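The values are calculated or read from the model by the stated rules, or taken from the named source; none is laboratory data. Bear in mind the structure is a predicted one, so any value in this text is a computation, not a measurement. Heads up, the Cβs are rebuilt from the backbone with ideal geometry, glycines too, and the neighbour counts pull from every protein chain shown.
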Amino acid sequence: MNDHLSTTFAALADPTRRAILAKLASGEASVSELAEPFSISMPAITKHLKVLENAGLISRTRSAQFRPCKLEAAPLKEVAGWVEEYRRFWAESFDRLEAYLAEVQAEEHAGKKKKKHKKKHKRSSVNH
């Protein structure tokens, strides 16, 4: 069984690979263009590209000597769908927490009002 989500997350775990994907989000780029901002060797960049390619996050085509890399968004869509499920869970949890806190604050407010009323009532009965 090939777990695409785990492969995608493993590829995204490295900041260099995330930076490469960010660059490719602007369009195709050559390996040398992708390597430019990094102070690592070309073989290291090639290894990063291989990980991204194996995860299906990039594709490389051959056009004479030029092998442009291109972002493939489908695996990212799968990640976004997975994250969305948890975002919904947290949003619903925060909504429940917000409702509970509003209820507690309303009870506190009602309690203070009642206490204030009792104090006022007690003072007026002492004066009589």
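Exactly one condition in (1) under 24 Å from A10 (Cα atoms); (2) without any contact (Cβ under 8 Å) to a residue 60 or more places away in the chain; (3) surrounded by 10 or more Cβ atoms within 10 Å (Cβ to Cβ) is false for Y86; which is it?
(3)
Take the residues in the stretch 21-77 that are in contact (Cβ under 8 Å) with a residue 12 or more places away in the chain and of a type in the set (V, I, T), then tell me which one is nearest to A11 (Cα to Cα).
This residue is V51.
Please work out which residue is surrounded by the fewest Cβ atoms within 10 Å (Cβ to Cβ), limiting yourself to the stretch 9-33 and to residues that are assigned to a helix (DSSP H, G or I) and at pLDDT below 95. Before you say what the answer is, go through the steps one by one.
Going through the stretch 9-33, the residues assigned to a helix (DSSP H, G or I) turn out to be 9-12, 15-24, 31-33.
Okay, now just the ones that are also at pLDDT below 95, so 31-33.
Numbers: V31: 17, S32: 10, E33: 13.
Across the stretch 9-33, the extreme among qualifying residues is S32.
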